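Values in this text are rule-based calculations from the coordinates and carry no lab data. Model, not experiment: these values are computed from the prediction. Don't worry about glycine lacking a Cβ; one is built from the backbone with ideal geometry, like all the others, and counts go over all protein chains shown.
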């Protein structure tokens, strides 16, 4: 049911994606750009396989809506805690 594109997005979300670069002063390791993470997360949440067509669209949203709400709430709490920590 999952396409190769969906497998790619699942791999991006499930791994932090640490990138290593060799520099003159040594090896520099950093986390991959977070925009790729959020882009893949969006693709996963809005994935619409052929199984959920017609009257089964409601079943899809019954599964996806709580996950979307939880992820949105978690991101809001994360950003507010980060900004609150920076301000004080």
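Structure notes:
- If the chain linking residue 24 and residue 46 were pulled fully straight, counting 0.36 nm for each residue of separation and taking away their Cα-Cα distance, it would gain 3.6 nm.
- You can think of it this way: the chain between residue 69 and residue 38 has 9.7 nm of extra reach, that is 0.36 nm per residue less the Cα-Cα gap.
- With each label modelled as a point 7 angstrom along the Cα→C-beta vector, the residue 4-residue 78 pair spans 2.9 nm.
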